[in-house]
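The values are calculated or read from the model by the stated rules, or taken from the named source; none is laboratory data. Quick caveat: nothing in here was measured; it's all calculated off a predicted structure. Positions of Cβ are generated from backbone atoms using ideal geometry, with glycine treated the same way; all protein chains shown enter the neighbour counts. The protein model used for the area step is the full one, side chains on, heavy atoms only, and it has no ligands, DNA or RNA in it. Shrake-Rupley method; radii C 1.70, N 1.55, O 1.52, S 1.80 Å.
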Amino acid sequence: TEAGFSAPGQLSATDLSQYGGRYNTELTQRVDLDVKLDARNQKQGLKTEAVDVSSSYQATDRWRLSGGARADSRNDNSAVVATTQTEGDRLDLAAEAHYDSKANWTSYGFLQGTAAVNGNREENNRVGGGGSIRATNRLTLDGELSFGNQGTGAKGGLDYLVSDRTNVYSAYTYENAR
């Protein structure tokens, strides 16, 4: 994005480069691997990079266990860095257990812990849970609630199946930093 570009939700006073990618593969019939990379670099501004690696194991037809790690970095290259700017690196580890009732609801619980942190980044240890309920053949409601040393997080949403190939969804997320 070039300097001066603006669109709904986007405004860039200086040049901005963004890239990312994702690779997901099935390792075995019950194990998969997911790798994701995101990078954002604003000239004379904030540079962020994140790598997520996770794997899940389908233990039974109803239970799925997963774990992963996320390493991210935040560095501000501005001529004058605001004292409120968060900079540094952080490595978070997470585990989740997901239950599918094979009826009209699912649930999950998770734990997240910070393994390493530097700069003025804060640890982000969290515990939480959530789930979904299929209210009708076309409408699904989902939600999540978590607590941690950076505060409470909550998410609520709905997904409406318009046709076999089309759905509309909306969600609201309240979080400090997950």
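Which of the residues belonging to the range 44-72 are surrounded by 15 or more Cβ atoms within 10 Å (Cβ to Cβ) and among the basic types (Lys, Arg)?
47, 64, 70
Conditions tested, residue by residue: (1) aromatic (Phe, Trp, Tyr); (2) on the phi > 0 side of the Ramachandran plot.
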{"position": "38", "(1), (2)": "no, no"}
{"position": "41", "(1), (2)": "no, no"}
{"position": "45", "(1), (2)": "no, no"}
{"position": "52", "(1), (2)": "no, no"}
{"position": "66", "(1), (2)": "no, no"}
{"position": "84", "(1), (2)": "no, no"}
{"position": "88", "(1), (2)": "no, yes"}
{"position": "99", "(1), (2)": "yes, no"}
{"position": "108", "(1), (2)": "yes, no"}
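Would you tally the residues in the range 29-43 being farther than 30 Å from residue 59 by Cβ and either open to solvent by 70 Å² or more (accessible area, probe 1.4 Å) or in a loop (DSSP other than H, G, I, E, B) (or both)?
So the answer is 2.
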